[in-house]
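Taking it in order: structure first as structure tokens, then the write-up.
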């Protein structure tokens, strides 16, 4: 039976890390740190990936906010008899 890491097989953990945006090298580094009992080091890598993902999310949210503002502005102009196109 294959040893479990964080409740998963090594392959499942690699897949999970990949889906989280980790490249193969980063995933291997996280797994290596966990296997060598350096959970603090593994957590540091994961926290950095989380920070990067959150920053990306915020950037995408800003784009959505701009789109919503432009749509709102167009609706406002249409209702006030302004330009419709």
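The table below gives the values:
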| quantity | calculated |
| --- | --- |
| Crossing angle, helix 24-35 versus the chain [Cα axis fit, 0-90 degrees, rounded to tens] | 50 degrees |
| Three-way shape label, the chain, alpha-carbon gyration tensor, a/c 1.5 | prolate |
| The chain, helix-only ellipticity at 222 nm - DSSP H runs n ≥ 4, -39,500 (n - 2.57), divided by all residues, nearest 500 | -25500 deg cm²/dmol |
| Whole-Å distance, taken between Cα centres, linking segment 6-25 and segment 28-85 | 22 Å |
| Simple label model, 7 Å out from Cα along Cβ direction - residue 3 to residue 44, nm | 2.2 nm |
| Cα-based helix-to-principal-axis angle, 10-19 vs the chain, degrees rounded to 10 | 20 degrees |
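Any read-out appearing in this document is the output of simple, stated calculations on the displayed coordinates, not a laboratory observation. Computed from a predicted model, the values in this text were never measured in an experiment. Every residue, glycine as well, gets a Cβ built from its backbone with ideal geometry; the counts of neighbours run over all protein chains shown.
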